[in-house]
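The values are calculated or read from the model by the stated rules, or taken from the named source; none is laboratory data. A quick note: this is a predicted structure, and the numbers were derived from the prediction, not measured. Methodologically, a virtual Cβ is constructed for each residue, glycine included, from the backbone with ideal geometry; neighbour enumeration extends over all protein chains shown. Side chains included, ligands, DNA and RNA excluded: accessible areas come from the protein's heavy atoms. Shrake-Rupley method; radii C 1.70, N 1.55, O 1.52, S 1.80 Å.
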Amino acid sequence: DPFPATMNEIPSPLERPPQAPLTRRRGASLRLVIPFLLLLCGAGWCLREHFAQARSEWQYRSLLQEQATVAMTINTLWKQANLYPSTSEKQWRLLQQKISEHTTPLCREYEAFLREHPAHDRAMTSYGALLDDVGQNEAALGWWSKAIHISNLNPNLLNNLANHYSHYGEPLLALHLY
């Protein structure tokens, strides 16, 4: 019977027989440490990956904010120019130069971001929209074509492509994308 029948049969701590000292077996500690280290390294990789994604998302959002600012500036420039069909070529070139002064730095930032994150389809879509807004339709189509190969589920991308195709004479393709 493993349980003592009465309290008198339970030995006091002073009466317990001495236990044999713990002996270390070679490799026993490694069996415990190695899985812990592997878990720690794996967690480090996951955290590193998580922070890299968070950083790229922050960079992308700052690009979007800057793009919104540039879009408002371009809209203001168009309103200030108050262009009519009788506008001179000089006024058109001046307006294009002002627009280019605002968009060129942002285009460089987008290109640097996309070199660092070549699979970021939302950035490609936004950059294509910026290029389309300033009249660089073929460059915009190039970025949208790259993005559609990465993800064909982005509704903004599909809408931009459909709009492009409907404006430039491919209505059946546009209908397929809408």
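Descriptive notes on the structure:
- In the set GLY142, GLY135, only one residue is outside any helix (DSSP H, G or I) and not hydroxyl-bearing (Ser, Thr, Tyr); that residue is GLY135.
- Note on the stretch 120-139: among residues that are open to solvent by 30 Å² or more (accessible area, probe 1.4 Å) and of a type in the set (S, T, N, Q), the one that is farthest from LEU157 (Cα to Cα) is GLN136.
- All positions within the stretch 51-67 that are within 15 Å of LEU131 (Cα to Cα) and open to solvent by 50 Å² or more (accessible area, probe 1.4 Å): LEU64, GLU66
- Of residues in the stretch 88-113 being aliphatic (A, V, I, L, M) and out of contact with any helix residue (DSSP H, G or I) (no Cβ under 6 Å at 6 or more places or on another chain), the one most open to solvent (accessible area, probe 1.4 Å): LEU94
- Counted residues, the stretch 73-92 - those being part of a helix (DSSP H, G or I), without any contact (Cβ under 8 Å) to a residue 12 or more places away in the chain and farther than 14 Å from VAL134 by Cβ: 6
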